[in-house]
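Working notes for the structure below.
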Amino acid sequence: MVEPLQDSELAIAPDQIIPLLQRYGLLPQLVREFLIDRAIAPITLTEEESLKGYEQFYQRQQLKTEEDLQNWMAARGLTRDQLEYLITRDFKLEQFKHQTWEKQLESYFLQRKTLLDRVIYSLIRVKSFDLAQELYFRIQEGEQAFSDLAREYSQGAEAQTGGLIGPVELSVPHPALAKLLANSQPGQLLPPTRLMDWVVLARLESFLPATLDDAMRQRLLNELFETWLQQQMQQEGGRLMQQVVMGTL
């Protein structure tokens, strides 16, 4: 059994590393990184690509001077060689994502688009259907503003914003509410609808369709990569973790 480390005991013997990884639940992360290394191993970088990798690293870490870099490395206990490995590894990983899934992005985007579209909407939620119906008619007849009634009657956090929510992706609201909003026109007041323990009134304020811009492409590449990596972990994770424990990996 590995003895607990005291505050003053910073040295870790080599034979303690695996038991400590097990104790802290870090073996899956180790296997994850191994799978990434294995996937990007065939990728080689040109000198220009390596320089680009360094530029992106400096921008991402907001490093502007050699002193900034030295402090960043010292805080992580890294040498120059280890730093170079990390920088080129990140760039190779992005190359791997592009090479593997770039051609699938448009079709994947279309599959996901209905949940990526964003909306701004107003919401009132109460427990009583009769109250919701009364509020609906007040708004419909122009007797009171939606925002005023939301502040007075809504029983969720939206009361603080006059019922206004968003912009949020359509994956965020309850699926039934998201479907209603997706099929609404801006300014359309939806009649009282039961959602779980609530009765809600909703009005679509704005519909903001998702576009396949650079930021969206990167997000979808990351999603596809994570899905693939989770599959690899399910298929091989247990075996690889056992190999780590046995010292055969």
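Any chance region 236-245 includes a residue that's at pLDDT below 95 and under 27 Å from Gln111 (Cβ atoms)?
yes
Determine whether Leu93 is surrounded by 12 or more Cβ atoms within 10 Å (Cβ to Cβ), more than 30 Å from Ala159 (Cα to Cα), aliphatic (A, V, I, L, M) and within 21 Å of the chain's Cα centre (by Cα).
In short, yes.
Check Thr65, Thr44, Thr79, Thr88 and return the single one that is hydroxyl-bearing (Ser, Thr, Tyr) and surrounded by 14 or more Cβ atoms within 10 Å (Cβ to Cβ).
Going through Thr65, Thr44, Thr79, Thr88 in turn, the sole match is Thr88.
Given Lys113, Lys127, which one is out of contact with any Leu (no Cβ under 7 Å at 6 or more places or on another chain) and in the same structural domain as Ala159 (by TED's automatic domain parsing)?
Residue meeting the stated conditions: Lys127.
This table checks each residue for (1) assigned to a loop (DSSP other than H, G, I, E, B); (2) touching a residue at least 12 places away in the same chain (Cβ under 8 Å); (3) farther than 30 Å from Leu189 by Cβ; (4) touching a helix residue (DSSP H, G or I) at 6+ places or on another chain (Cβ under 8 Å).
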| site | (1), (2), (3), (4) |
| --- | --- |
| Glu55 | no, no, yes, no |
| Arg60 | no, no, yes, no |
| Lys64 | yes, no, yes, yes |
| Asn71 | no, no, yes, no |
| Ala74 | no, no, yes, no |
| Leu93 | no, yes, yes, yes |
| Glu106 | no, yes, yes, no |
| Ile124 | no, yes, no, yes |
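Yes or no: region 5-14 includes at least one residue that is surrounded by 12 or more Cβ atoms within 10 Å (Cβ to Cβ), in a helix (DSSP H, G or I) and not polar (S, T, N, Q).
no
Go over the candidates Gln70, Gln22, Gln29 one by one and state the one that is among the polar types (S, T, N, Q), within 25 Å of Met233 (Cβ to Cβ) and either exposed (fewer than 14 other Cβ atoms within 10 Å of the Cβ) or more than 30 Å from the chain's Cα centre (by Cα) (or both).
Only one candidate qualifies: Gln29.
Which of (1) surrounded by fewer than 16 Cβ atoms within 10 Å (Cβ to Cβ); (2) aromatic (Phe, Trp, Tyr); (3) under 30 Å from Glu106 (Cα atoms) does Phe129 not meet, given it meets every other one?
(3)
Scan Leu208, Leu224 and give me the residue that is modelled with pLDDT of 95 or more, farther than 30 Å from Pro186 by Cα and among the aliphatic types (A, V, I, L, M).
Of Leu208, Leu224, the one residue that is modelled with pLDDT of 95 or more, farther than 30 Å from Pro186 by Cα and among the aliphatic types (A, V, I, L, M) is Leu224.
Here are Ala145, Ala132, Ala150: which of them is among the small types (Gly, Ala, Ser), touching a residue at least 40 places away in the same chain (Cβ under 8 Å) and over 30 Å from Asp213 (Cβ atoms)?
Ala132
The conditions are (1) over 11 Å from Tyr121 (Cα atoms); (2) outside any helix (DSSP H, G or I); (3) out of contact with any strand residue (DSSP E or B) (no Cβ under 7 Å at 6 or more places or on another chain), and Met216 fails exactly one of them. Which is it?
(2)
The values are calculated or read from the model by the stated rules, or taken from the named source; none is laboratory data. Since this is a predicted model, take the numbers as computed values, not measurements. Note: ideal-geometry Cβ built from the backbone for every residue, glycine included; neighbour counts use all protein chains shown.
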